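Accompanying notes for the structure given below.
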Amino acid sequence: MARPVSNAEKKSERTNFALYPSVKEAIGKVAHIQQTTINDVVNQALQEYVDKYADKIEKYDAFLTSLNNE
């Protein structure tokens with residue numbers, strides 16, 4: 001099932017990237033099993049990846065802010 005989308009993210013940005021054929025096929029199977037779309041599966045996987053690195057992203061953002069405030 002797809003994650004809830006905030007009001008700020010109702011419209012998706014389009015991005016192109018290449019997948020290995022085996023990965024695309026497997027993602028399609030996961031989407032079918034979950035009765036959702038490949039887009040939702042990819043968004044969920046990428047969101048989990050971003051969440052895993054949330055602390056590092058926050059530190060990176062703080063670092064950039066500190067550079068801009070010099």
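Given the criterion in contact with a helix residue (DSSP H, G or I) (Cβ under 6 Å, 6 or more places away or on another chain) and either acidic (Asp, Glu) or free of Cβ contacts under 8 Å to residues at least 40 places away in the same chain (or both), identify the matching residue among VAL23, VAL42, VAL30.
Result of the check over VAL23, VAL42, VAL30: VAL30.
Quick check on the range 58-70: of everything there that is hydrophobic (A, V, I, L, M, F, W, C) and open to solvent by 70 Å² or more (accessible area, probe 1.4 Å), which residue is farthest from ARG14 (Cα to Cα)?
It comes out as LEU67.
Which residue out of ILE33, ILE38, ILE27 is loosely packed, with under 10 Cβ neighbours inside 10 Å and not small (Gly, Ala, Ser)?
ILE33
The values are calculated or read from the model by the stated rules, or taken from the named source; none is laboratory data. Computed from a predicted structure; not experimentally measured. All Cβ positions, even for glycine, are placed from backbone atoms using ideal geometry, and neighbour counts span all protein chains on display. Heavy atoms of the whole protein, side chains included, go into the accessibility calculation; ligands, DNA and RNA do not. Shrake-Rupley method; radii C 1.70, N 1.55, O 1.52, S 1.80 Å.
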